[in-house]
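This is the structure, below, for whatever I ask next.
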Amino acid sequence: MKRNSSISEDNEFTFTPLVVLELAKDTHRETIEWLIQRIEGRKHLGGAHFNIRPLDDQVENSKVYLVGASWRRLLLGAEALGFVKEYQDGSMRAFTYQNKEDYKYFSDDDNDFLTMAERQFIIKRELENLRAVNETTVPGHPQVKLYPGKSIIRRLQTSGILIQLYPLHDGAELKKLSFIWYGRLKLAFQPLDDIQKYFGQNIALYFAFLEYFTIALFPMAVIGVPYYLFAWEDYDKYIVFATFNLLWSTIVLEVWKRWCAKLSYSWGTLTMKREFEEPRPGFHGKLGLNPATGRKEPTYPTYKRQMRIYLISMPFVCLSLYTCLCVMMVYFRLEKWASTYNEEVQSAFSTALLFFPSVLYVVVIEIMNRIYRYAAEYLTSWENHRLESSYQNHLIVKVLVFNFTNCFASLFYIAFVLQDMKLLRQNLAALLITSQILNQFVESLLPYWLQKRRNRKVKQKLRISSVKKELPLTDQIKLEGDMDTYLGTFDDYLELFQQFGYVSLFSCVYPLAAILAVLNNVAEVYSDALKMCRVFKRPFSEPAADMGVWMLAFEIMGVISVMTNCALIGLSPQVKGLFQENNIELVLLVVGIEHILLALKFILAFAISDIPSDIHNKLARLEFESIEALKQKQMKEADESLAKEQEQEHEEKKRSR
């Protein structure tokens, strides 16, 4: 893209388009001029101080615009957002424009110091923080209301004036990344550093966790296959497998934290400050002052948000959970009907019909999950959270509570109410296999097929030859603009969370769960890589130091897995046979073992440090240097103040004489 994306600007620098901004065809000229003025305006006047050009200078009143920025503006943006870069001594420090020469790999004529993903993120954040000052309506569209503090970009999007805002792909870099990532089938680790540079830390961390989790499943798969082959109906032998489950679920998560810390430190996000996170674009309220930063931003009373959460959102979640349980009971009725019918008829059709309720239930579960997801997004947005992190946390909690109940309630009911291990194994296999097939089809195969069709139509319309290796910028943007938008890693993490639950909770009953998860995840690496590079528009980079609230969700699932596996051990015929006359002793024994194992789990979590010692030492050294630098600054200021006072006293003495 670099070869054909350079547009000269006043002989000061080369304009490199980074972000595409597309307006509706009926957008008034007055609106376009106002928006361009705000984007190009100086920061102290409420602008973003970026450069914006129409895609085609020959077309009057063009509705597609390219946004870029000077190198100095990008560096100042990196400082404002708290980017962390490698210092000359090898440490990771927050970037400051004044000391830019002290950072490793920095040069005034080298844009590689900031990756293209970082530059696009700077533009996105600054555009999102363009807010109305005195405007009450959008110029040219009096029906579109504004008020001081409202995000201009957000309002243009919700009113349909701004059709889309997305970052451009870099053709050469994308081709290189595609080849080493999924272009050839080979047993190798993913190029995580290259993924991070191109797509950002948030997406790179997801693929890192996908790779790590797949490798961590291998011990479970290696043990699970012989257990399945040689203990098909002997559930007593699964006690050993359940015990192994307990330790595996703890150690896997603790080791991941260490690796995650190592990755995020090398990517500059582990020490990135979050105290002064900007309000999310969808946050609205009266314009006021942030008491911590002194900046103007929207304000919204906390009590109003709490009322919306507790009076509307929570009752809706409870009603949804009740609906899940009702659907589950309908499934069990169908299961009973299919079993009775098979006993009466005893035919090939009746035998095949036994699997119909389970498969139908899985399909219904997936449909309910997706419908609820849209409702949860609407409710969480309506709650009006100030920070993007707060919005994501509330959304994830809502979705996880529902998905856990929807996906696992039937398994718990079969295991501990019906105590039918054969039905539990059948239900778990149906849930795991059917959900994996549906997810692969809906998330990868179908979007890829649809995108291939769209690309063919667009190329025919633009008369683009399929043998062309590099497209002109105009054609490239038209092709990318027609792609679907990537909605983030939410669904990907949710799929892994469900998979972790199936394996850690009930794989002692169906030991093939781990090997099925491994096979699915290997395919997932390639399919996800393909859809990131070829199916969706390039997503904006998002700095991330960890998995956020997802880590807490996996840890809670780990605790539940301890209790579940202890209960399954207690229900095994072998253990029950030791306590035939006294069930109370059995319950007390299981509860005691459960508490001991939970204590062991927390001891392991405490003993295994979340941050490796070498990184911990680097962070401690950096904190020490910061304190020393602050002391020296204070001492210097004190010396200057004392010298000034002495000089004033000396002047007063001279005047008095």
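Just checking, how many residues over the range 83-113 are touching a Phe, Trp or Tyr at 6+ places or on another chain (Cβ under 8 Å) and touching a residue at least 24 places away in the same chain (Cβ under 8 Å)?
Of the residues in the range 83-113, 11 are touching a Phe, Trp or Tyr at 6+ places or on another chain (Cβ under 8 Å) and touching a residue at least 24 places away in the same chain (Cβ under 8 Å).
I'd like to check something: does the range 622-635 contain any residue that is modelled with pLDDT of 80 or more and part of a helix (DSSP H, G or I)? So that I can check it myself, show each step before the final result.
Pass one, the range 622-635, residues modelled with pLDDT of 80 or more: none.
No, the conditions are met nowhere in the range 622-635.
Could you tell me whether any residue of the range 534-543 is farther than 21 Å from Leu418 by Cβ and among the β-branched types (Val, Ile, Thr)?
The answer is yes, given that some residue of the range 534-543 is farther than 21 Å from Leu418 by Cβ and among the β-branched types (Val, Ile, Thr).
Another question, then. Within the range 97-128, can you find the residues that are farther than 29 Å from Arg280 by Cα and of a type in the set (Ser, Thr, Tyr)?
Tyr103, Tyr105, Ser107
Can you tell me which residue is modelled with the lowest pLDDT among those in the range 103-142 that are of a type in the set (Val, Ile, Thr) and under 25 Å from the mean Cα position of the chain (by Cα)? So that I can check it myself, show each step before the final result.
Filtering the range 103-142 for residues of a type in the set (Val, Ile, Thr) gives 115, 122-123, 133, 136-138.
Still in the running and under 25 Å from the mean Cα position of the chain (by Cα): 115, 122-123.
Values: Thr115: 88, Ile122: 93, Ile123: 94.
Checked the range 103-142; the qualifying residue modelled with the lowest pLDDT is Thr115.
Could you count how many residues in the range 352-380 are surrounded by fewer than 20 Cβ atoms within 10 Å (Cβ to Cβ) and in a helix (DSSP H, G or I)?
19
When the residues of the range 381-393 are narrowed to those that are surrounded by fewer than 19 Cβ atoms within 10 Å (Cβ to Cβ), of a type outside the set (S, T, N, Q) and within 17 Å of the chain's Cα centre (by Cα), which ends up modelled with the lowest pLDDT?
The qualifying residue modelled with the lowest pLDDT is Glu388.
Of all residues in the range 107-127, how many are within 27 Å of Ile39 (Cβ to Cβ) and part of a loop (DSSP other than H, G, I, E, B)?
5
Residues Leu598, Leu586: which one is assigned by TED's automatic domain parsing to the domain that holds Val397, under 21 Å from Leu253 (Cβ atoms) and assigned to a helix (DSSP H, G or I)?
Of the residues listed, the single one that is assigned by TED's automatic domain parsing to the domain that holds Val397, under 21 Å from Leu253 (Cβ atoms) and assigned to a helix (DSSP H, G or I) is Leu598.
Modelled with pLDDT under 90 and either in contact with a Cys (Cβ under 6 Å, 6 or more places away or on another chain) or part of a helix (DSSP H, G or I) (or both): which single residue out of Glu233, Glu254 fits that description?
Values: Glu233 fails: either in contact with a Cys (Cβ under 6 Å, 6 or more places away or on another chain) or part of a helix (DSSP H, G or I) (or both).
Exactly one residue qualifies, and that residue is Glu254.
Can you say whether Asn202 is surrounded by fewer than 18 Cβ atoms within 10 Å (Cβ to Cβ) and either outside the structural domain of Ile477 (by TED's automatic domain parsing) or not in a strand (DSSP E or B) (or both), as far as the supplied structure shows?
Judged against the criteria, Asn202 is not a match.
Give the residue that is nearest to Arg131 (Cα to Cα), with candidates limited to residues of the range 154-183 that are surrounded by 17 or more Cβ atoms within 10 Å (Cβ to Cβ) and of a type in the set (Phe, Trp, Tyr).
So the residue we want is Tyr166.
For the range 1-74, list the strands (runs of 3 or more DSSP E) that sit wholly inside it and hold at least 2 residues that are modelled with pLDDT of 90 or more, of a type in the set (A, V, I, L, M) and under 25 Å from Thr485 (Cα atoms); which are they?
Hits in the range 1-74: 19-23, 64-68.
Within the range 85-104, can one find any residue that is more than 24 Å from Asp26 (Cβ to Cβ), part of a helix (DSSP H, G or I), in the same structural domain as Arg42 (by TED's automatic domain parsing) and touching a helix residue (DSSP H, G or I) at 6+ places or on another chain (Cβ under 8 Å)? Spell out the reasoning first.
Restricting attention to the range 85-104, the residues satisfying the condition of being more than 24 Å from Asp26 (Cβ to Cβ) are 85-104.
Checking which are part of a helix (DSSP H, G or I) leaves us with 97-102.
Going one step further and asking which of them are in the same structural domain as Arg42 (by TED's automatic domain parsing), we end up with 97-102.
Narrowing the set further to residues that are touching a helix residue (DSSP H, G or I) at 6+ places or on another chain (Cβ under 8 Å) leaves 97, 100.
Yes.
The values are calculated or read from the model by the stated rules, or taken from the named source; none is laboratory data. A quick note: this is a predicted structure, and the numbers were derived from the prediction, not measured. Positions of Cβ are backbone-derived with ideal geometry, glycine not excepted, and every protein chain shown enters the neighbour counts.
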